[in-house]
1. Quick check on the range B:120-134: of everything there that is in contact with a helix residue (DSSP H, G or I) (Cβ under 7 Å, 6 or more places away or on another chain) and more than 7 Å from every other protein chain (Cβ to nearest Cβ), which residue is surrounded by the fewest Cβ atoms within 10 Å (Cβ to Cβ)?
2. Among the residues in the range A:628-642, are any part of a helix (DSSP H, G or I), open to solvent by less than 20 Å² (accessible area, probe 1.4 Å) and either facing chain B (nearest Cβ under 8 Å) or β-branched (Val, Ile, Thr) (or both)?
3. Take the range A:594-621 and flag every residue that is buried (at least 22 other Cβ atoms within 10 Å of the Cβ), within 11 Å of chain B (Cβ to nearest Cβ) and under 20 Å from residue A:649 (Cβ atoms).
4. Take the residues in the range B:377-399 that are open to solvent by less than 30 Å² (accessible area, probe 1.4 Å) and away from chain A (no Cβ under 12 Å); name whichever of them is farthest from residue A:276 (Cα to Cα).
5. Could you check the range A:113-152 and list, in sequence order, the residues that are in contact with a strand residue (DSSP E or B) (Cβ under 8 Å, 6 or more places away or on another chain) and not in a helix (DSSP H, G or I)?
6. Kindly indicate which of A:374, A:355 is modelled with pLDDT of 95 or more, open to solvent by less than 80 Å² (accessible area, probe 1.4 Å), within 24 Å of the chain's Cα centre (by Cα) and away from chain B (no Cβ under 14 Å).
7. Is there a residue in the range B:79-89 that is open to solvent by less than 10 Å² (accessible area, probe 1.4 Å), in a loop (DSSP other than H, G, I, E, B), basic (Lys, Arg) and within 29 Å of residue B:427 (Cβ to Cβ)?
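The values are calculated or read from the model by the stated rules, or taken from the named source; none is laboratory data. Owing to the predicted nature of the structure, the values given are computational and were not obtained by experimental measurement. Glycine also receives a Cβ, built like all others from the backbone with ideal geometry; neighbour counts cover every protein chain displayed. Surface accessibility is based on the protein's heavy atoms, side chains included, excluding ligands, DNA and RNA. Shrake-Rupley method; radii C 1.70, N 1.55, O 1.52, S 1.80 Å.
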Number of protein chains: 2
Amino acid sequence: MTDTAINDEGIQTMTFEPWRGFHDSALSPEWKKKISEMARKARAHILKMTTIAGSGHPGGSMSSLELYLVLYNMARLNPNAPNQTNRDRIIISHGHTSPGVYASLAAAGFFDITPCLHGFRQGGSPFEGHVEQSVPGVEWDTGNLGQGLSVGIGKAIYSRLSGLDFHTYVIMGDGEQQKGQIAEARRMAAKFQLTNLTAIIDYNRLQISGRIRDVMPQNMVDEWEADDWQVTEIDGHNLDNIYEALHRATNDTENLHMILARTTMGKGVVFMENKEKYHGSPVSQEMLPEALSQLGEDDRDIPTLLKLRAEGPPPMFERKPVPYPVVSPGEPITYGIDEKLDNRSAWGKALLSVADANMHRDDFVMAVFDCDLAGSVKTAEYAKKYPANFFQCGIAEHNTATCAGSFGAEQALSIWADFTIFNIAETYNQARLNDINHSNVKLFCTHAGVQVGEDGKTHQCIDYFGLLNSTFGWKVITPADPNQTDRIARYVLSTPGSFAVVMGRSKVPIITDEQGNPFFGNDYQYRYGRMDILRRGETLALVTAGNMSWVAVQAWNKLHEDGKNITLINVSDWSDLHPDDLQMLASYKHLVVLEDHNIKNGLGASLAMSLYEAGSRATLTRMGVTTYASSGKPDELFKLLGLDADSVTEKILQILG
Amino acid sequence: MTDTAINDEGIQTMTFEPWRGFHDSALSPEWKKKISEMARKARAHILKMTTIAGSGHPGGSMSSLELYLVLYNMARLNPNAPNQTNRDRIIISHGHTSPGVYASLAAAGFFDITPCLHGFRQGGSPFEGHVEQSVPGVEWDTGNLGQGLSVGIGKAIYSRLSGLDFHTYVIMGDGEQQKGQIAEARRMAAKFQLTNLTAIIDYNRLQISGRIRDVMPQNMVDEWEADDWQVTEIDGHNLDNIYEALHRATNDTENLHMILARTTMGKGVVFMENKEKYHGSPVSQEMLPEALSQLGEDDRDIPTLLKLRAEGPPPMFERKPVPYPVVSPGEPITYGIDEKLDNRSAWGKALLSVADANMHRDDFVMAVFDCDLAGSVKTAEYAKKYPANFFQCGIAEHNTATCAGSFGAEQALSIWADFTIFNIAETYNQARLNDINHSNVKLFCTHAGVQVGEDGKTHQCIDYFGLLNSTFGWKVITPADPNQTDRIARYVLSTPGSFAVVMGRSKVPIITDEQGNPFFGNDYQYRYGRMDILRRGETLALVTAGNMSWVAVQAWNKLHEDGKNITLINVSDWSDLHPDDLQMLASYKHLVVLEDHNIKNGLGASLAMSLYEAGSRATLTRMGVTTYASSGKPDELFKLLGLDADSVTEKILQILG
């Protein structure tokens, strides 16, 4: 256990109180008494906050409660410094049990319960309906089920690579065990022997629609054991049982443990027990006094709490963002005009160069995640050189996406390289959740667009921007050639934020300036958010990006030979169009956009919207993908789609009249 | 076995040749000899087509080959009428083994092999890199792994509900067993005792990155057995073994069977065997003669084939689309102005009404799929009345999405109702694949937008249009009130195509005309793709949709009281904006768009693009969701986001000056 790590802001991580960390083999009688009393009060708090809010999930909160209380009181946590870097991580996968989590955190000293009692689920309050990091002690915003174990894997990997050596506990619902992502996560944890991770299932045997065994029968124990986890069944309301199981799991460095905690939904209030109705509905105001009295509590404070609620939401907690790691971008590589390589190879070389420039530092933590495609996505050389920082996750993209997100929410460089169809289209929802969680994930996305060619329509990702543009944080970048790929990769790796660098599969020539030198060469300075003017001309500007940049250069050459002098503009950064660049575009009479993306919501669509609002009068012709393409060589397919250099030239000649 | 069903086009389904259907307990010596010889030739065909194309996946094609040949020759299929409705369905999950599939289909008489040998992976050819329905005998376009078993479940359910009583065989790769969706599918098949479905795994023990046990260790047998499947291990190149296992699986009506077929990647050519290199790479032209000679074949036809390839792609096969079922829309329900209900309740009533109007017909097949939310998404009443046509799939959205897609690709009405975040955002990639497969799926999506309220940001789907607008087929519709919901639900259920009807959670008043009668009442005729003018005014048009329609009416009322006479337009159909409506909008001086959607790519963005291209000069103000919102009552949240009636009124007054 490393208690002396110093994080980037120079804050020394502290030691914890002696009882923390499940070192003792049993719960002391004092603690048992203390937590029992906490549980009684916390149940009353759960009822009050949900009834006052008029919504929320009391049933599961009351079944998970003893698990939460033991964890938040006995794990290596400091309620006064909840972000200590070497704290244990407690991940709540079934985030709808937020009332139980908040009541337990308050009982363990993280904050005063009163604002939560009146501010639960109130607009502008930190106490949201599903657990959110706006509340101290909450590690991850959840709500969409089935992702918690993958989050835990990201933390467990960070614990190992950083040397902070903390333990991660993931508490899940039983209904969510029906999600396939959990099976992916179980296998990954087993493969990497992540014994610093413990899984706990609140097995109250009910989900919204009724008994689990009716909704979707599942042999939970057999499934976990098939994936090499040891299962311990306990009474999930018995504090001694819970503690002992956690003691065993925490201190066993040989085996993975899942604790199956048999519990009772609505535990503690007779009329709520084992009623699925109370999964997602609070006790009515009329029934509240009766429920509270069963817990030895009363409702005298309700009028005061209602008055406080009417006064508006409680204030937000201050919460410092996790610092982004210091990443040296290394030395740029410039490819000469005689070299022909694919952008993904340039990315692979940049990755290795950045790793080389940083890996020697003790405080530097990075991981590259792969889903059985390292050779194709060019991370294989890195994997060979830095095997401890490379994670082969298998064909299990949902787990990988969440795992990369969870890892990237720590002070660490988190990279996932894959085919674009897998790390954007297949895992959009995981990307969305990662964004909500303020994670920094670097997606390197190869084989994008129709340009992937022969693999056909199921593999041609033509929606990368349409999808990530549906979030608020993700930024999409499409490098034009290997030189720009090199610069962009270094920028992205050394800059906070979540980026998707989208590349094709095929080799492309080096793009030159009019003098024949590499355009993105030694003098080129990549500035995020700005367009590049590859050729200056008049009347008409051809705007292009990524896979189409080389096609556009060919079209420009043809037009040039024909005496037509147009402007050629490359847009690498689709997510942020600079107002000055938009004004520049608006100064042309005609604009033609050429993109390897669904024409409905790609670069052309985005430009059209921005240009309209900027009052542009330039005509706009959008050339992009208008149908699912087939299987074939990229040139064949571009021709079939009317996106090859000849078609572009012809269209421009038409426009110029 | 029903051999007399008559489909919608009056085509009588036929009986099959007597040996088909695995009735006999063993493969006859004649067939064994015949298939052995087919296998030898098919291996040569696999090599030729991939080497000529210069890409493709020979390794897995050669390991799955005997499985394919036995299935395509012995299952109840008619090569001359490959779409017979009562045919067995063979689903290829690891679609990259297309060379093996095509070679086997040709050997079984579905088509001549020659066009495939020269046209494989050629732009414009039917013989794509991953299996596609453009080739006769292929049931489902696959490529993204892990979906095949879910496809099989959709077919097995259709087999049962239609009474056609065919068997479905799903062949999968071993690497793809790492995908979580397969675990979801296994459990669903077991729950519904789909013994008319057989799973087969080509267990060649290699994936792209090497040995499966290194890439991602997995106890495959234990996992399947944990989910109540019987596992039979066989030699996957032994024709007797394959036949006998399929005989047993096909004829067992008590148990689910998975056949684990031990095979050899690259089987038949010594230098290819057990080499993962040949997973995704063809044999070089230099090595081809040697490889062919090991199979007792030669390369004499290669020059001719290359010449044919140079002449262009072979022609596409004719393939009739599956007819859409006849669905009576039933009798519309009009809700009076004193009724206040949520759109989802109106949807639930419309569903029941449409089911009542059709379920008595023998030729009518429908299913509603649910993921543990029937009560909230208002399918519970239907489920009670029609339990055989309701499928509770548990919290397993990926499997459900694919299953609904596969079922909807048959002559059947396929409905999946869920929270929008689950049946659009979580399962985008499945929706994309369903679209590629020309399926007709009806998504009814409740709890959309910030309007879902207290469940918070993880549950607020504000990207429904941004996502489905990334496909070419899906259409997004947002009804404004319960009356319009009723009309739209009936339209969608009775019309071919894939639609997402997106609704909020909260109760909304009935929208009236200026006389105070229901606007979408008895006289209203829903016309897909047209906008509704709720109020006629001048100078400025407020354009709104779905959850915001009622807010917009309130703003209109406030402005009206203030003496301002604006136009109020409701857009229900976001995916198709009619040119006449765009011209109508362009005639205003000012346009304000109000939407409960990410402002970056919602209705306003789409309108801006279309208006720009239509030459509009109207100013455009887009009001939508600009950040992940919090947890709270919808009104609180809209106010925080500046989207409540007061904010809209204020903004419009500013614009009007």
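1. B:125
2. Yes, some residue in the range A:628-642 is part of a helix (DSSP H, G or I), open to solvent by less than 20 Å² (accessible area, probe 1.4 Å) and either facing chain B (nearest Cβ under 8 Å) or β-branched (Val, Ile, Thr) (or both).
3. Result: A:604, single match.
4. Among those that are open to solvent by less than 30 Å² (accessible area, probe 1.4 Å) and away from chain A (no Cβ under 12 Å), it is B:389.
5. Correct list: A:131, A:137, A:138, A:139, A:140, A:142, A:145.
6. Details: A:374 fails: away from chain B (no Cβ under 14 Å).
The conditions single out A:355.
7. For the range B:79-89, residues open to solvent by less than 10 Å² (accessible area, probe 1.4 Å), in a loop (DSSP other than H, G, I, E, B), basic (Lys, Arg) and within 29 Å of residue B:427 (Cβ to Cβ): absent.
Here's the yes/no breakdown for (1) modelled with pLDDT of 95 or more; (2) in contact with a helix residue (DSSP H, G or I) (Cβ under 6 Å, 6 or more places away or on another chain); (3) farther than 19 Å from residue A:54 by Cα:
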{"residue": "A:249", "(1), (2), (3)": "yes, no, yes"}
{"residue": "A:257", "(1), (2), (3)": "yes, yes, yes"}
{"residue": "A:262", "(1), (2), (3)": "yes, no, yes"}
{"residue": "A:268", "(1), (2), (3)": "yes, yes, yes"}
{"residue": "A:276", "(1), (2), (3)": "no, no, no"}
{"residue": "A:280", "(1), (2), (3)": "no, no, no"}
{"residue": "A:283", "(1), (2), (3)": "yes, yes, no"}
